[in-house]
Amino acid sequence: MHYQKESDLSQTEHIANIPILFAKGLDPDKPLKIGSDNMIMGTSEFADMYYVGHDAKGTGSTRTSINSLEFQMQTLCMEFVTNKQGAETATGRAISADGNNSLLSAMALNLADTAALVIKTMAKFVLVDDLDVTIDIHTDYGVTMSSEELNALSKAYEEETLTNEEYLTELKRRGVLRAGFDIEDNLTKIATFKAQTAANTVDTDSSSSPSPVVDVSDAA
């Protein structure tokens with residue numbers, strides 16, 4: 001349908017961009033030559049010649065129809081990568097990567113299960129029993145971060161219903177953090193920084209404590 005509409009629009013624009021030459025009151029027995037080096041003589045006082053062009057008003061509606069069709073096509077494609085579970089209240093649900101599978105993700109997981117079953121079946125033909133087959137497949141297709149989801153994640157983290165590692169994992173999964181961001185390394189650096197800060201605080205408190213005052217009056 002999109003090809004047909006696009007083809008109709010292209011044909012309409014082609015016709016609309018080529019005006020038609022109209023003439024009246026000319027001698028029909030004389031050949032008509034159009035050009036800058038030719039003069040055309042009319043036989044009537046009402047003789048006239050001009051181009052008749054298409055107003056091309058219909059092309060605008062055709063282009064609008066194509067844009068609407070393309071939007072519907074994009075929406076249909078997004079159905080395959082849109083998570084079926086939306087952002088709820090922070091304490092209303094546990095945010096889980098396994099629980100937010102889109103239609104395309106579900107298809108990929110089913111394909112992985114089928115491939116694992118095929119490999120096990122082929123293994124039996126070569127007398128290999130109890131073969132453990134695990135197929136890992138990437139299923140984070142088109143995961144995006146909306147403002148509602150970001151607020152839900154932040155609130156869940158603040159209320160300590162989401163661990164620091166899971167919070168960073170979800171941010172990375174949704175593209176907020178760069179793809180090469182190392183979560184474990186980041187957590188290790190934070191723990192090291194906190195430990196060093198605590199140690200420095202203890203050292204500062206020890207060095208700032210007043211020295212004991214010795215009373216020498218009794219000794220004298």
I'd like to check something: does segment 47-65 contain any residue that is of a type in the set (D, E, K, R), in contact (Cβ under 8 Å) with a residue 40 or more places away in the chain and surrounded by 10 or more Cβ atoms within 10 Å (Cβ to Cβ)?
yes
Mind checking which pairs have a first residue in segment 163-191 that is at pLDDT below 85 and a second that is basic (K, R) and open to solvent by less than 40 Å² (accessible area, probe 1.4 Å), Cβ under 9 Å, 6 or more apart or different chains?
none
Failed criterion for T139 (all others in (1) open to solvent by less than 60 Å² (accessible area, probe 1.4 Å); (2) over 30 Å from A115 (Cα atoms); (3) at pLDDT below 85 hold):
(2)
Across segment 1-21, which residue is modelled with the lowest pLDDT among those that are within 30 Å of G42 (Cα to Cα) and open to solvent by less than 80 Å² (accessible area, probe 1.4 Å)?
A16
Tabulated pairs, segment 112-131, first on the phi < 0 side of the Ramachandran plot, second part of a helix (DSSP H, G or I) and open to solvent by less than 70 Å² (accessible area, probe 1.4 Å), C-beta under 6 angstrom, 6+ apart or interchain
L131/A123
Residue match in segment 38-52 (condition: on the phi < 0 side of the Ramachandran plot and under 43 Å from the mean Cα position of the chain (by Cα)):
no
Within segment 160-190, the residues that are in contact with a Leu (Cβ under 8 Å, 6 or more places away or on another chain), closer than 18 Å to S146 by Cα and part of a helix (DSSP H, G or I) are Y167, L168, E170, L171
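The values are calculated or read from the model by the stated rules, or taken from the named source; none is laboratory data. Treat the numbers as computed from the prediction; the structure is a model and nothing was measured. Please note: Cβ atoms are built from the backbone with ideal geometry, for glycine as well, and neighbour counts cover all protein chains shown. To get the accessible areas, we keep the full protein, side chains included, count just its heavy atoms, and leave off ligands, DNA and RNA. Shrake-Rupley method; radii C 1.70, N 1.55, O 1.52, S 1.80 Å.
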